[in-house]
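Here the structure comes first, spelled out in structure tokens, and everything after it is commentary.
The values are calculated or read from the model by the stated rules, or taken from the named source; none is laboratory data. Note that the structure is predicted; figures quoted are calculated from it, not measured. Counting neighbours? That spans all protein chains shown, and the Cβs are built from the backbone with ideal geometry, glycine included. Surface accessibility is based on the protein's heavy atoms, side chains included, excluding ligands, DNA and RNA. Shrake-Rupley method; radii C 1.70, N 1.55, O 1.52, S 1.80 Å.
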Amino acid sequence: MYPDSFQRLINQFSALPGIGPKMAERLVLFLFKQETTKIDEFIIDLSNLHKITTCTECFNITQNELCTICADKNRDHQKLCIVEESLDIIPIERSRAFSGLYHVLGGTIKKRDKDQLTTNALMSRIEKSQFDEIIIATNFTTEGDMTAMYLRQTLAPQNITISRLARGLATGSDIEYADDMTIRSSLTNREKFS
Ligand SMILES: [Zn+2]
């Protein structure tokens with residue numbers, strides 16, 4: 001009933017996470033009603049997506065070899081915060097309670113095989129850096145907890161303080177959706193994790 005290209009767009013949108021066919025239809029209709037310049041901007045941004053890659057150091061999303069955080073010499077290069085996904089960095093940055101570096105694991109041990117996470121890169125990074133504290137900021141979910149335990153075991157032989165975010169965040173909650181105040185207090189009150 002829709003023209004082919006219109007239907008194909010609906011299919012593309014409904015393949016995105018969290019978007020059902022009805023929502024996809026609404027989104028395509030919305031775009032259809034936009035001015036041509038808006039659509040052109042959208043097309044350019046979409047086609048630039050393939051230029052985006054992951055930071056060779058921390059695996060955060062970046063357009064360059066190093067992300068802006070790793071490349072920033074003014075940050076505290078002795079503190080490392082381990083997160084599940086790049087998206088988790090945004091609320092932590094917004095809270096302004098942390099000025100160190102990050103490491104993006106790329107998931108949790110339950111969702112992915114251990115070898116698919118960036119833990120090997122993390123270990124070699126720790127060996128060649130001089131971190132004095134590692135903060136584990138995985139989510140407070142069953143998978144996040146399991147991953148935190150696994151990291152604690154793996155990092156134990158290193159002579160570095162290991163801490164975890166304080167449980168200001170409710171059990172089962174994702175860092176990605178936490179507000180600035182909660183993140184700030186759970187970072188400030190982070191607990192030694194050993
Ligand atoms: Zn980086």
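Structure notes:
- Search result, residues across segment 43-57 that are more than 12 Å from the ligand (Cβ to nearest atom) and under 25 Å from ILE109 (Cβ atoms): none
- Extreme residue, farthest from the chain's Cα centre (by Cα), among residues of segment 152-175 that are open to solvent by 60 Å² or more (accessible area, probe 1.4 Å) and either under 17 Å from LEU105 (Cβ atoms) or modelled with pLDDT under 85 (or both): GLN153
- Number of the exception - VAL83 against (1) without any contact (Cβ under 8 Å) to a residue 40 or more places away in the chain; (2) under 24 Å from LEU155 (Cα atoms): (1)
- Residue that is farthest from the ligand (Cβ to nearest atom), among those in segment 58-75 that are in a loop (DSSP other than H, G, I, E, B) and under 13 Å from SER86 (Cα atoms): PHE59
- When ILE89 is tested against (1) more than 11 Å from the ligand (Cβ to nearest atom); (2) within 18 Å of SER173 (Cα to Cα); (3) touching a strand residue (DSSP E or B) at 6+ places or on another chain (Cβ under 6 Å), exactly one condition is not met: (1).
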